[in-house]
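**Student:** Starting off with a structure, shown below.
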Amino acid sequence: MIVLDLEGLVPNIFNEDIKTNNRNTYISQMTVLTIKSLLPMKDEVGNQIDYKRFKEELKLWKGYCVGENISLLCALDTLNNKEYFTYFDETFYTRLLPIVISNNDFKIIEEELIKNILYFSGNLPNLFEWLVIGLIVYLLINKDKDIIGNLKEYIINFSQIEFIDQYKGCFPIEADAIPNDFKISFEKERISLLSILNGIHSSKYPYLNDLLAVLDGKEPSTSIGKIIYNSCNYVGLDSVDMFYMSMSKYLLKLRKGRIDIEDLKIREYILPDIFSFNEGDVFFHSLLNHSKVLKKEVKASGLTSLITTKSGNYLFKRDPS
């Protein structure tokens, strides 16, 4: 049985990003903004995404995104129904891991994962694959000795009726726009997953297959597989910036219920236009906190504004109007 290093999970997201892309990209950025959007729950011991903040963080992120993820950027814009139900969110682990790590109760984790998956995509293979991966990570954290058995039980008991009833309001489309074959596809996905867990080979669910291979002692091939594998093998994290390490420690404090919700709430959103400030200007932004413009340039290709904050520097870009 492999043993997961809880403290190494999030740092390994950043580490894998650096190893793959030679820098911190949108992978690291999405992880950070997810962590920043988590709030302790009032009536339960757990943490959930504050979607007011999450939406504002995403709007801001589009201006300083590092690296190209056209699919994710497009998913943030208005998608037609066909795109919404076919989009596969290959970087969902950037939200999945912070959600799982910050919570001890799987019912909270399940609800938060589903809501965030549906925020970007209604693709059923996407939903099922990441939900099962989330459960695997949860079971690893809790040192479960029958992971495959518990996965099978979860899928068998995952009710289509309860899912639609509880989460129909989380689809960013009208209920009557849900495809007619959604219910049939739902059952097909459950059967496909159970087949894989029963040892029947399938190329479907590549991220899940890779993670199952890691559980079986094999080398990983996907980012989520490598993150879990490295977290179990205590791979060195020397290349990870201290800011990112501090975000991991903060997430663990959230998990332990050591942070008061009142200390994290944004009571008034002050969101000035970054490009309204000139070089040398100091300003306050609810998401960036106290900030300063280091450099501002106007070029034929567009505008750029380099902002420094307590958490680091951000290069904002804007197309010429």
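The values are calculated or read from the model by the stated rules, or taken from the named source; none is laboratory data. As the structure is a prediction and not an experimental result, all values here were calculated from the model. Backbone-built Cβ (ideal geometry, glycine too); neighbour counts: all protein chains shown.
**Student:** Considering only residues that are of a type in the set (S, T, N, Q) and over 16 Å from Phe283 (Cα atoms), look in the stretch 301-321 and name the one that is surrounded by the most Cβ atoms within 10 Å (Cβ to Cβ).
**Tutor:** Thr304
**Student:** Just for helices (runs of 4 or more DSSP H) wholly inside the stretch 79-125: which have at least 2 residues that are surrounded by fewer than 19 Cβ atoms within 10 Å (Cβ to Cβ)?
**Tutor:** 81-86, 106-120
**Student:** May I ask you to say which residue of Asp165, Asp144 is assigned to a helix (DSSP H, G or I) and more than 20 Å from Gly46 (Cα to Cα)?
**Tutor:** When all the criteria are applied, what remains is Asp165.
**Student:** Residue by residue through the stretch 95-111, note down the ones that are more than 17 Å from Phe186 (Cβ to Cβ) and touching a Leu at 6+ places or on another chain (Cβ under 9 Å).
**Tutor:** Arg95, Leu96, Leu97, Pro98, Ile99, Val100, Ile101, Ser102, Asn103, Phe106, Ile109, listed by residue number.
**Student:** Here is a follow-up. Return the total of residues in the stretch 231-248 being in contact (Cβ under 8 Å) with a residue 12 or more places away in the chain and in a loop (DSSP other than H, G, I, E, B).
**Tutor:** Count: 6.
**Student:** OK, next. Only one of these is crowded, with 18+ Cβ neighbours inside 10 Å and farther than 16 Å from Leu6 by Cβ: Lys226, Lys168, Lys204, Lys183. Name it.
**Tutor:** Of Lys226, Lys168, Lys204, Lys183, the one residue that is crowded, with 18+ Cβ neighbours inside 10 Å and farther than 16 Å from Leu6 by Cβ is Lys226.
**Student:** Please verify whether Asn126 is over 14 Å from Cys170 (Cα atoms) and touching a helix residue (DSSP H, G or I) at 6+ places or on another chain (Cβ under 8 Å), treating the condition exactly as stated.
**Tutor:** yes
**Student:** List pairs: first in the stretch 108-121 and touching a residue at least 40 places away in the same chain (Cβ under 8 Å), second aromatic (Phe, Trp, Tyr) and surrounded by fewer than 19 Cβ atoms within 10 Å (Cβ to Cβ), Cβ under 6 Å, 6+ apart or cross-chain?
**Tutor:** Note: pairs meeting the criteria are Ile114/Tyr167; Leu118/Phe171; Ser121/Tyr87.
**Student:** Take the residues of the stretch 147-165 that are of a type in the set (S, T, N, Q) and either surrounded by 13 or more Cβ atoms within 10 Å (Cβ to Cβ) or touching a Lys or Arg at 6+ places or on another chain (Cβ under 7 Å) (or both): which is farthest from Val214 (Cα to Cα)?
**Tutor:** Residue satisfying both the conditions and the ranking: Gln160.
**Student:** Residues of the stretch 34-46 being at pLDDT 95 or above and of a type in the set (A, V, I, L, M, F, W, C), which ones?
**Tutor:** Ile35, Leu38, Leu39
**Student:** Of the conditions (1) farther than 30 Å from Pro125 by Cβ; (2) at pLDDT 90 or above, Ser223 clears all except one; give me its number.
**Tutor:** Every condition holds for Ser223 apart from (1).
**Student:** For Leu197, state whether it is over 24 Å from Leu38 (Cβ atoms), buried (at least 16 other Cβ atoms within 10 Å of the Cβ), of a type outside the set (Ser, Thr, Tyr) and out of contact with any Ser or Thr (no Cβ under 8 Å at 6 or more places or on another chain).
**Tutor:** yes
**Student:** So which of Leu271, Leu306, Leu251, Leu315 is touching a Leu at 6+ places or on another chain (Cβ under 9 Å), under 23 Å from Glu56 (Cβ atoms) and in a loop (DSSP other than H, G, I, E, B)?
**Tutor:** Every option except Leu271 fails the conditions.
**Student:** Take Lys152 and tell me if it is assigned to a helix (DSSP H, G or I), more than 23 Å from Ile2 (Cα to Cα), among the basic types (Lys, Arg) and in the same structural domain as Cys170 (by TED's automatic domain parsing).
**Tutor:** no
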